[in-house]
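The values are calculated or read from the model by the stated rules, or taken from the named source; none is laboratory data. Predicted model only: the values in this text are computed from it and were never measured. Note that we place each Cβ from the backbone using ideal geometry, even for glycine, and neighbour counts take in every protein chain shown. These area figures cover heavy atoms from the full protein model, side chains too; ligands, DNA and RNA do not enter into them. Shrake-Rupley method; radii C 1.70, N 1.55, O 1.52, S 1.80 Å.
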Amino acid sequence: MPEAVGLRTHPMTGVVQGALWAAAASVGLVSSVFSGDGWGTMSPIVSLLIALVGGLVVGMVFGYLSWRFTRYVIDGDELRINSGIITKASRRIPYERIQSVDIAEPFVARLFGLAELRIEMAGGKDSRTSLRFLELDDARALRRVLLARAHGDTQTGVIADEKRSIITVVSPQRVVIGTLLSLDFLAAAAGLVTLVVLAVYFDQVLVLLGGIVPLGSWVVQIVGKRVIQQWNFTLSRGDRGLRIERGLLSRSSQTIPYSRVQGIAIKEPFVWRRLGWQRLEVDIAGYAAQSDDQGTESTSTLLPISDPSLAAAIIAELIPGAMAESVARTAAPRRSWVFAPIGWRSRWIGADDDTFVAREGWIERSTSIVPHNKTQSVELRQGPLARWRRIATIEVHTPKGPANADGRNLDEHDARDAMLAQLIRARASRA
C-alpha cells in the first residue's frame with residue numbers, strides 16, 4: 001500500500017453515485033404519485049423516465065466531480081482525506097483514534113464489485129468518515145492497513161485477515177417469521193385489513209385510500225427493514241471483537257470492538273415471549289449519533305432473533321459477569337400504578353458487582369444492562385405528583401442508544417439509595 005501518495009477512489013464512483021441518485025429520485029416520484037401529487041399532466045411513465053434520467057445525469061456529474069477532487073493519503077501518523085471542489089477540506093484521522101473500520105456494499109455498488117469503507121473514530125458527533133467507492137479487495141486491504149496502524153503495528157503496516165469463528169447464523173426463514181410475529185407488523189397489518197374491509201363495506205374505496213396507502217407503505221417498510229437488511233445475519237468472533245455481516249441487496253460488515261460496548265438491551269415483544277425469543281441491541285460508542293443508509297436500528301442490532309441461552313452467552317462475552325436474571329431486584333411499589341396502571345408490575349432495577357440492570361414494559365419487555373465502568377452520571381428525578389405519591393425515578397446515564405437503564409417510579413427512599421450505591425460502584429469500577 002503506497003504511503004504519502006494521494007490515491008483516488010475507483011473511477012466508477014461517479015456512475016454508482018448517479019445510479020443512487022436516480023433510484024432516490026424514482027422512489028420519491030413513486031411516493032408522490034401514490035399520495036396524489038404528480039408532475040402536472042405528465043403520465044407516470046414519462047415522469048418516471050425524466051426522474052431516472054435526470055437523477056442519473058445529475059448524480060454522475062456530482063459523483064465525477066467528487067471523485068476528481070478527492071484523494072486519500074496514508075502516511076506514518078494518520079490517514080488524510082482531501083476533498084472539495086470550491087472549498088477545499090482535509091480530514092485528518094490519527095491512527096490511534098480509529099475505533100473500527102467497517103465495509104458496506106450498497107446494492108448498486110455491489111453490481112460493480114465496489115464497496116464503501118466506513119471509519120469510526122473515538123468521540124464527537126462527526127466520528128464517521130467514509131471512502132466511496134473502492135474495489136472490494138482494495139477496501140479489505142485498506143481496512144487491514146488501518147487496523148494494523150490503529151493497533152500500533154508500524155513495522156509491517158498490515159495485518160492478515162483476522163481468524164474468526166462463527167457464533168451463529170440467523171436463517172432468513174427465522175427472520176421472516178419473527179417479523180410477521182412482531183408487534184409493529186401485526187399492528188400495521190391489522191390496521192390495513194380493517195381499512196380494506198371498511199372501504200369495501202361502505203363502498204368508499206377512494207376516501208379510505210388515503211389511509212390504506214400509508215399503512216401499506218408501513219408494512220413494506222417493516223418487511224424491508226427487518227427481512228432484507230437482516231438477511232443471512234452472521235455473527236462471528238475474532239480477537240478484537242464481534243463481526244456482523246448481513247443484507248440481501250446491500251451487504252454490510254460491521255465490527256463491534258469489545259471495549260466500545262456501552263450497554264445491551266434485551267427486547268422481548270409480547271408474542272415472542274410465548275415462544276422464548278429475544279432480540280439483542282447494543283450501544284456502541286460513536287455509533288449512537290450516526291445514521292447510515294440502512295437506518296440507526298441496523299447499526300445497533302446485535303442479534304435480530306435469538307434463544308435465551310445464546311443471548312445470555314453473547315451478553316456474557318461482551319459484558320463479562322453480566323447475569324441480568326440473578327441480580328437482587330428493587331421493584332416499583334403498588335402506589336406507582338397512577339403512572340402505569342398495568343406496566344408498573346414489570347418495572348424493577350438491580351445491580352451486582354459488574355452491571356446495573358433495569359427492566360420495564362409489559363407489551364414489549366425491555367431489559368437494559370450497563371457495566372458500572374460505562375456509567376457517565378446518575379440522576380434522581382421527582383416531580384410534584386411523584387412527591388405526592390412518594391416515588392422517584394433514577395436514571396443511569398450512558399451514551400444515547402437502545403439501552404435505557406432507568407428505574408422508573410420507584411419508592412423514593414429506594415431510588416435515592418440506588419443512586420448513591422450506583423455512584424459508588426461506578427467510581428470503584430473505573431478505578
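Candidates in segment 123-147 are the residues that are of a type in the set (Gly, Ala, Ser) and closer than 21 Å to Val73 by Cβ; of these, the one that is surrounded by the most Cβ atoms within 10 Å (Cβ to Cβ) is Ala139.
Taken over segment 264-315, the criterion of being of a type in the set (Phe, Trp, Tyr), surrounded by fewer than 21 Cβ atoms within 10 Å (Cβ to Cβ) and at pLDDT below 95 is satisfied by Phe270 alone. Residues in segment 77-84 include at least one that is more than 21 Å from Tyr64 (Cβ to Cβ), in contact with a Pro (Cβ under 6 Å, 6 or more places away or on another chain) and not aliphatic (A, V, I, L, M).
Against the condition under 30 Å from Tyr258 (Cα atoms) and assigned to a helix (DSSP H, G or I), how does Ala386 come out, does it pass? So Ala386 does not fit the description; no.
Going by the conditions given, is Ile256 modelled with pLDDT of 95 or more, touching a Leu at 6+ places or on another chain (Cβ under 9 Å) and among the aliphatic types (A, V, I, L, M)? Answer is no for this residue. Filter segment 354-377 for residues that are surrounded by 17 or more Cβ atoms within 10 Å (Cβ to Cβ) and hydrophobic (A, V, I, L, M, F, W, C) and give the result. Phe356, Val357, Ala358, Ile369, Val370, listed by residue number.
Checking Thr87 against (1) of a type in the set (S, T, N, Q); (2) open to solvent by less than 50 Å² (accessible area, probe 1.4 Å); (3) without any contact (Cβ under 8 Å) to a residue 60 or more places away in the chain, only one condition comes out false. Which one? The one condition Thr87 does not meet is (2). Among the residues of segment 241-263, the ones that are open to solvent by 30 Å² or more (accessible area, probe 1.4 Å) and either closer than 26 Å to Asn404 by Cα or of a type in the set (Phe, Trp, Tyr) (or both) come to 4 in all. Taking residues in segment 66-79 that are over 20 Å from His151 (Cα atoms) and surrounded by fewer than 16 Cβ atoms within 10 Å (Cβ to Cβ), and partners anywhere that are at pLDDT 90 or above and among the basic types (Lys, Arg), the pairs with Cβ atoms closer than 9 Å and at least 6 places apart or on different chains are Arg68/Arg8.
Scanning segment 324-353 for residues that are under 15 Å from Ser429 (Cα atoms) and open to solvent by less than 70 Å² (accessible area, probe 1.4 Å) returns Ala351, Asp352. For segment 389-431, give me each residue that is among the polar types (S, T, N, Q), at pLDDT 95 or above and in a helix (DSSP H, G or I). Gln422 - this is the single residue of segment 389-431 that is among the polar types (S, T, N, Q), at pLDDT 95 or above and in a helix (DSSP H, G or I).
Within segment 245-271, residues that are within 21 Å of Thr234 (Cβ to Cβ) and assigned to a loop (DSSP other than H, G, I, E, B) have Cβ atoms under 7 Å from residues that are of a type in the set (A, V, I, L, M, F, W, C) and open to solvent by 10 Å² or more (accessible area, probe 1.4 Å) in these pairs: Gly247/Trp231; Leu248/Ile228; Leu248/Trp231; Leu249/Phe107; Leu249/Ile228; Ser250/Phe107, counting only partners at least 6 apart in sequence or on another chain. Could you please let me know if Ile424 is surrounded by fewer than 17 Cβ atoms within 10 Å (Cβ to Cβ) and at negative phi? Considered against the rule, which asks whether it is surrounded by fewer than 17 Cβ atoms within 10 Å (Cβ to Cβ) and at negative phi, Ile424 comes out as yes.
Take the conditions more than 31 Å from the chain's Cα centre (by Cα), surrounded by fewer than 17 Cβ atoms within 10 Å (Cβ to Cβ) and either closer than 19 Å to Gly263 by Cα or of a type outside the set (Phe, Trp, Tyr) (or both) and apply them to Leu380. Does it pass? So Leu380 fails the test.
Only one of the numbered conditions (1) over 22 Å from Ala340 (Cα atoms); (2) open to solvent by less than 20 Å² (accessible area, probe 1.4 Å); (3) over 27 Å from the mean Cα position of the chain (by Cα); (4) not small (Gly, Ala, Ser) is not met by Ile391, and that is (1).
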